[in-house]
1. Calculate the spin-label point distance for B:N581 paired with A:Q127, positioning each point 7 Å from the Cα along the beta-carbon direction, and give it in nanometres.
2. Is it possible to state the helix-based mean residue ellipticity at 222 nm for the protein assembly as shown, with each DSSP H run of 4+ residues giving -39500 (n - 2.57), the sum divided by total residues, to the nearest 500 deg cm²/dmol? What is it?
3. Checking the a/c ratio against 1.5 first, then a/b against b/c, what shape does the Cα gyration tensor give for segment B:22-87?
4. Assuming R0 = 22 Å, can you tell me the calculated FRET efficiency for the pair B:M1 and A:K88, based on Cβ-Cβ distance, to the nearest 0.05?
5. To the nearest 20 Debye, how big is the dipole of segment B:282-333 about its Cα centre, given +1 on the beta carbon of each Lys and Arg and -1 on that of each Asp and Glu?
6. Please give, to one decimal in nm, the separation of the simple spin-label points placed at A:N43 and A:V110, each 7 Å out from Cα toward the Cβ.
7. Taking H placed 1.01 Å from N in the peptide plane, check which residues at least 5 places from B:R506 or on another chain put their amide H under 5 Å from its amide H.
8. Enumerate the lysines that A:K71 could reach by cross-link, defined here as Cα to Cα under 26 Å, with residues fewer than 8 away along the same chain left out.
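Bear in mind these aren't lab numbers, they're just calculated from the coordinates by the rules spelled out. All of these numbers come straight from a predicted model, not from anything done at the bench. Heads up, the Cβs are rebuilt from the backbone with ideal geometry, glycines too, and the neighbour counts pull from every protein chain shown.
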Amino acid sequence: MKIIAAFEKTKELSYTSHLDVQRTLQRAFRRANLPLAFSRGFNPHPKLSFATALATGYTSEGEWLEVELDKEITPEDFIEQVNAALPKGMRFVRAFVADDGFPTLSKMLVAARYLVTLYTDPPVSAQELLNAVRAIMDSEEVIVEKKTKSGIRPANIRPEIREAEAISASDRTAVVAVVGTLNAAGGLRAETFARALFERLSVNGRFTAHRTALCFEGSDKLPRLR
Amino acid sequence: MNDRTLDMLLSRVEKPARYIGSEWNMERKEVYDFRFALCFPDVYEIGMSHLGSRILYRVLNDMDGVYCERCYAPWTDMEQALRELNEPLFTLETKSPLKDFDVVGFSLLYEMCCTNVLTMLDLSGIPFRSADRDESCPLIVAGGPCTVNPEPIAEIMDAILIGDGEELEPELVACVRQAKRDGVSRRELLLRLSAIDGVYVPSLYRPVFENGRYVRMERLCEQAPEHPVRRVVRDLDHARYIGRQLVPHMQIVHDRVAVEVMRGCTRGCRFCQAGYIYRPVRERRKETLLDQTRDLVRCTGYDEVSLLSLSTGDYSELHELLPRIIDDMAEQKVSVSLPSLRIDSILKDDLEKMQTVRKGGLTFAPEAGTQRMRDVINKNVTEEDLLRAVTDAFTAGWCGVKLYFMIGLPTETDEDILGIAELARKVSNAFYRLPKDKRGSGFRVTVSVSTFVPKPWTAFQWCAQDRQEEIVRKQQLLKTALKGVRGAELHCHPSVLSVLEAVFSRGDRRLNGVLIDAYRRGCRFDSWAEHFKPDAWAEAFSENGLTMDEYAHRERAADEPLPWEIVDALVTPAYLLREWNKAQEARTTKDCRQGCNGCFGEHCEDYCRV
Ligand code: SF4
Ligand code: SF4
């Protein structure tokens, strides 16, 4: 059977990489004594795949994954058993059993929501933040240097930004909610969006990103865009 | 440290997961009145792999009211970030500065990590020298195999722990805790500590130098023992083991369950410090090991188990234990590895069994190329043993083997170097002699060569290390000789590092100043070739009026006083001298499982009723 589940990742473990998360989950599943299904071959691996990866340093409220099991288990038991075996900083919050033929998560993924927090020096006002976000949304093109396999090159990220909203600005901390395209081919990175904002605000600083949701299409069991 | 500062630091470094803690099985305590910072002067991936620290973490946290936290050497990017933000180094559990602890204890596994100890003190605002610290500072202590020669760090440490730690550390903690309750002075505390078996308080002793050489140790106080005696856990079977092993998020060097099968080794290879300073050999019963293995696998979720010891192949019940553990673990899809197999203890059956689980790398350590040289170092392994073992392995499907050798050994001639290439050739031939359908493809014989470093408390503690030019020449000779050996690949460790290692392993108290000077000149992570600064070290030595040559390349006379003999490591200098003399005549000494060789002198019966 296949279980589809979402876990949250909080600040204790925000600096673990996607690979670290995979390792941690695999070990937690073993500790929880889950009836894992293993791949065949010389080096058997549990069948586990993620909707997408979360960048190192980010926190999240809902990272979705699918895992194959050899025996039946209820979603409630799954959550309870695995959570008891997870270190502080990771916790499953939702789970359901996928029917046969349920498409893979990465194929259904369409977007992601983030809260991006900028720590600016000097501080920016609420109005300045509002203007910067509006400037981005009103542009046809938002060019940002993007790291690709073939080096750093300019890229237009505007098409990947679906929505953006200034939330608050006080005490050198500015918060923006953004919805970006995200699918198997790629999509908006909170990091490039933050850089575009810093540029519009003409300030420097650091940022943190918190993924509030992954959005899917094609199943009402998964969070949707609207 | 607040979240925001932490985040600022973490966002600046390449591998932030080194500093976050929150691993599975990490100790979380609310109520405690005594804090111990268990420090490892190397990066997280290495420190987390260390078996001894894993045991101590558990032993100390098992003490009621004691909270033991961990701290590893910050990599250079984190050091820079801490300095820029003017933040102190912090522990993984509660992100507290080391200054807030009652005891800061370092595990010293190799000499080349000593500058990192200074980094960690420096980033904590703790003065380097014991004499410069007052009651407001934590007690700074060190343990680990390096402390069998405590002198090179004697001015830095308040107390040095010699030998097995699992009984010693809790005694130390109990003593410091009581002293804290009694409100005694630091001086009184140090006196009390010196009364614990296995504790060396360097400030109670003063080394005397004449004509630039160490001549004797003066005791500054009657109460201090004449020779602190190395501590030994007598009953390993009942000793505390790792228990709930920490499970890291990022990959570490030994990322698996480690089960300590036994401690000590009876082989008596004359170059091997571990072989001498972990004596006597103590085994765990196989039932205990099975239980511990199951237990560790269950509480960690690891899918790999390693059966550890200095020479697991010598474990007396290995052939009963191995099949049982392998079967037991195979059910849970857990693989079993033995990192230190000896040539003569591998049996074909075991090889086949191991292969069904996972085909790991195959390594052998003949250490020297000719039988004469192997007799000198008492590596009781013959060419036939090796060739039989590799042939078995090749037949069982392995097609790569790694051979470890040392060069620069006492009495070595060019013939011995050429012998290494000859042995590699025979191993290669053993592979190609097999019929094509019975052997794998892509054959490799990796010849890994390190430079011999004479170590204290070994039969070779008196001998001179080869000079660097000579080592380079020998490496070149070997390289040429290996040409034409099918599948051969040569790996030589840089020899510059081994000179410094030789200096510090047989150093005396004057090296404390050198160490501090080298640190001030930017020396860090000296065992990492890319960080090693030979020029800075050279300056630090000349600044202190010393030469590396004197320590590394000079043969000591048999009657010369040796600075490390302030410690009683149990193995007697008289025994080591006998071994040194036998070595020069290429005479071997038998494994002491076959009968006591008397290495503990008058203590033999007391410690080894084998
Ligand atoms: S077999 Fe020799 S080299 Fe290995 S641990 Fe024992 S004494 Fe040391
Ligand atoms: S005292 Fe005897 S039995 Fe014990 S370690 Fe030494 S030689 Fe071996």
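1. Going by the 7 Å Cα→Cβ label model, 9.6 nm.
2. Using -39500 (n - 2.57) per qualifying helix, the result is -9500 deg cm²/dmol.
3. Since a/c reaches 1.5 but b/c is at least a/b, the shape of segment B:22-87 is classed as oblate.
4. So the FRET efficiency works out to roughly 0.80.
5. Taking the Cα centre of segment B:282-333 as origin, the dipole is about 140 debye.
6. So the label points at A:N43 and A:V110 sit 3.8 nm apart.
7. Close amide H contacts, sequence-distant or interchain: none at all.
8. Here the lysines satisfying the reach criterion relative to A:K71 are A:K2, A:K47, A:K107, A:K221, B:K333.
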